[in-house]
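Peer 1: Please read through the structure below; I'll follow up with questions.
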Amino acid sequence: MMEARRTATEPRRKPKQERSRERIDAILSTTMRLIGEKGIDAVTMKEVGALAGGPIATVYHYFPNKSAILAMLYERFSEVSRARLTDILADVREAKDVIAAADRLLDDYLGRVASDPAIQDLQNAIQADKALKNLDIAETRHQARMFCDHVTALIEPDKHEQFERMVLLIFQLAGGVVRLALAEGQAESRRTIEDYRSIIHTQLRMFL
């Protein structure tokens, strides 16, 4: 059952030639543009194929369904997130840097999602699809592990396990907090983000 859910969101073929990679890039960029213009529910495989410069059969040649396209879009978003996380963590050298890094991560994530309606719609779709949500949970665990691997040297050894659980919760809750903030008015949105920032600071200071 788990295997069926996993493969349903995987591409049919892995691109090996430059032409195939370019074709997949065209499908992904077209899908993302359409999502931003009309929302995920209104986007069809047929329309993606037509606007990406090829027949619908070409889209199905690489992707079994729309969920597989969304999964690859999410994976690319996650690759950028990991790279940004790595860059931010590079500045963490002592305990006081941890909270500053957490602030930068929250602001960076909020800025990326807020600046692109397509990313907002993609994030909402991820939560509505069980298979895609499993990808999101796995990615959240991975990024939380990246954070902990870099920071736990600054934490007392007997607190490592508790710290890792707390970081996972912070990372997992960030998506929901940002979605809530973006659905609110400007003033309320700002308060929501600052309330969450305060929670993060309080939790991190318990270990630093």
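The values are calculated or read from the model by the stated rules, or taken from the named source; none is laboratory data. Nothing here was measured: the structure is a model prediction, and the numbers come from that model. All Cβ positions, glycine included, derive from the backbone under ideal geometry; neighbour counts span all protein chains shown. Just the protein is used for accessible areas: all its heavy atoms, side chains included, with ligands, DNA and RNA removed. Shrake-Rupley method; radii C 1.70, N 1.55, O 1.52, S 1.80 Å.
Peer 1: Just to confirm the filter: which GluC sites (Glu not before Pro) across the stretch 110-206 are DSSP coil and have at most 16 other Cβ within 10 angstrom of their Cβ? Display every interim value, and only then the final one.
Peer 2: Numbers: sites: Glu139, Glu161, Glu164, Glu184, Glu188, Glu194; in loops: Glu184.
Answer in residue order: Glu184.
Peer 1: Whole Å is fine, so just give me how far the alpha carbon centre of the stretch 62-126 lies from that of the stretch 175-201.
Peer 2: The stretch 62-126 and the stretch 175-201 have Cα centres separated by 17 Å.
Peer 1: Given the Cα-Cα distance of Gln186 and Lys133 and 0.36 nm per residue of separation, how much length would full extension add, in nm? Can you show the working numbers first?
Peer 2: Working: separation 53, 0.36 × 53 = 19.08 nm, distance 2.81 nm.
Full extension from Gln186 to Lys133 adds 16.3 nm.
Peer 1: Also: Between (1) 57, 39, 33; (2) 64, 38, 26; (3) 48, 33, 26, which entry matches Cα extents along the principal axes in Å as derived from the coordinates of this structure?
Peer 2: Correct label, based on the coordinates given: (1).
Peer 1: Taking 0.36 nm per residue of sequence separation and subtracting the Cα-Cα distance, how much length would be gained by fully extending the chain between Leu51 and His201, in nm to one decimal?
Peer 2: 49.4 nm
Peer 1: While we're here: Just the number please: accessible area per residue for the chain, 1.4 Å probe, all protein chains included, in Å². Spell out each step's value before the answer.
Peer 2: Numbers: 11500 Å² over 208 residues.
Each residue of the chain exposes 55 Å² on average to a 1.4 Å probe.
Peer 1: Percent of accessible area on the stretch 82-175 owned by carbon and sulfur, 1.4 Å probe?
Peer 2: Solvent-exposed carbon and sulfur of the stretch 82-175 make up 52 percent of the total.
Peer 1: Using 31 Å as the Cα-Cα cut-off, could you pick out the over-long pairs in Lys130/Lys159; Lys38/Lys133; Lys96/Lys133?
Peer 2: Working: Lys130/Lys159 33 Å; Lys38/Lys133 22 Å; Lys96/Lys133 33 Å.
Result: Lys130/Lys159; Lys96/Lys133 exceed 31 Å.
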